[in-house]
Amino acid sequence: MARFELSDEDRSTIVSGVPCAVLLERHGYALDRRESTRNCLKYRAGKGDTIIVNHEGRGWWDTGSDKKGDVFDLIRRLEPDLGWRDACAELGRLVGVEPEGAVYVRQREAASGADVAPSLRWERCGELASGSQAWTYLTVQRALPEWVVRRAAAAGVIRDGLHAAWFCHRDAHGQVCGVELRGPERHLCLKGTVKTLFRYMPGGAPIVRRLVVTEAAINALSFAALDGGRTVDTLYTSTAGGMGPETEEAIRAHLRAMAGKSGVGLVIATDNDQAGDRYAARLSAIADEIGVPWSRELPAWGMNDFNDVLRRVVAERAAAA
């Protein structure tokens, strides 16, 4: 029997035509209606088993393990014993099927009236201060040093959303165009968000010579805390888990400004998984195209991301104290 092969065209059709939410609904996951938005559907199946569907239904990530991927990765997670041919056949039958959760959220948002732009919601959000729930989440649960959080708050790139820390993305004119929320029970972007980059520059240099790119704002702050090569002209950024055209253009703009200057470099600090490898390949190709040297930094001990590393370092220091 000839080995089954899936063409690139068929794979693309499945990835774009089978929303991850459809698979979850067919495997007993229920939509968390209160916590879901059109761009971030939260599905639960029992205590601690929560999967977020994002990237317009084409991506997902597991809040309990940080595993993520496309619909092919999801079906392997849900049915690990399913053969490759059967998995492709099952996914093929679901092309064009719309998830009930997406329909519900779309109808709810349509009935809610005019949307409030992320920039306005950001302006109404409170300043981050020591002792708040968001502060405790960042400094205790995420083990971020207080100096990192204080500088980020003072720089105006992080605010307190009561139940989550808010991290802003700005456009080419410096205006807030999106907000990334991170908290114990929240991992999403505000409705209407245009993802560019979260930017944190603790040094005071007027130009950027060293650009660090991670996948999440907390990872950008974690890398800064761990960074033995930190300089006053290092900019720590995150893509909020994706690289759309606005994000890519923001990265290109930084690299174009760096090109031709001495001592410049791009540090790729994406996650230690397949998605992180794909992002790293795209980032290195862009850097090569523009002519900026680059390097990739992987989390120590084979961990998934730099916040995992930071939490281990902090825990080991506490145990040794």
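The values are calculated or read from the model by the stated rules, or taken from the named source; none is laboratory data. Computed from a prediction, not measured in an experiment: that's the story for all the values here. Virtual Cβ from ideal backbone geometry, glycine too; neighbours counted across all protein chains shown. These area figures cover heavy atoms from the full protein model, side chains too; ligands, DNA and RNA do not enter into them. Shrake-Rupley method; radii C 1.70, N 1.55, O 1.52, S 1.80 Å.
Evaluated on the range 46-90, the Kirkwood hydrodynamic radius is 11.2 Å, with distances taken between all distinct Cα atoms.
Spread over its residues, the convex hull of the C-alpha atoms of the range 54-202 is 151 Å³ per residue.
How long is the gain from residue 89 to residue 205 if the chain were fully straight, where each residue apart is worth 0.36 nm and the alpha carbon distance is subtracted?
Extra length available between residue 89 and residue 205 comes to 36.2 nm.
Treating r as the C-beta distance of residue 45 and residue 274 and R0 as 25 Å, the FRET efficiency rounds to 0.60.
Of the solvent-accessible surface of the chain, computed with a 1.4 Å probe and all protein chains present, 51% belongs to carbon and sulfur.
A 1.4 Å probe run over the protein chains yields, for the range 265-312, 44 Å² of accessible area per residue, whole-number rounding. Site pair residue 63 and residue 257 shows an inter-label distance of 3.5 nm when each label is modelled 7 Å from Cα along Cα→Cβ.
Summarising the label geometry, the points placed 7 Å from Cα in the beta-carbon direction at residue 26 and residue 10 lie 1.6 nm from one another. Using a Förster distance of 30 Å, how high is the FRET efficiency between residue 127 and residue 38, based on the Cβ-Cβ distance and rounded to 0.05? So the FRET efficiency works out to roughly 0.55.
For residue 136 and residue 104, the FRET efficiency from 1/(1 + (r/R0)^6), where r spans their Cβ atoms and R0 equals 45 Å, is about 0.85.
Springs join every pair of Cα atoms under 10 Å in this Gaussian network model of the chain, and among 213, 140, 292 the largest mean-square fluctuation is at 140. Among 191, 67, 261, 42, the sequence by solvent-accessible area, most first, with a 1.4 Å probe is 67, 261, 191, 42.
Once a ≥ b ≥ c are taken as the square roots of the eigenvalues of the Cα gyration tensor of the range 127-212, is the result rounded (a/c under 1.5), prolate (a/b larger than b/c) or oblate (a/b not larger than b/c)?
The shape class here is oblate.
Using a simple spin-label model with pseudo-atoms 7 Å out from Cα toward Cβ, residue 230 and residue 248 lie 3.3 nm apart. Here the range 199-249 has an Rg and Dmax of 11.0, 31 Å, counting Cα atoms alone.
Only lysine pairs 8 or more places apart, or on different chains, with alpha-carbon atoms under 23 angstrom apart are counted in the chain, and they number 9. Extension gain for residue 194-residue 163 works out to 9.0 nm (0.36 nm per residue, less the C-alpha to C-alpha distance). Under 1.5 on a/c is rounded, so check that first for the range 71-158, then, if it is not, pick prolate when a/b is larger than b/c and oblate when it is not; a ≥ b ≥ c are the square roots of the alpha carbon gyration tensor eigenvalues. Here the range 71-158 falls in the oblate category.
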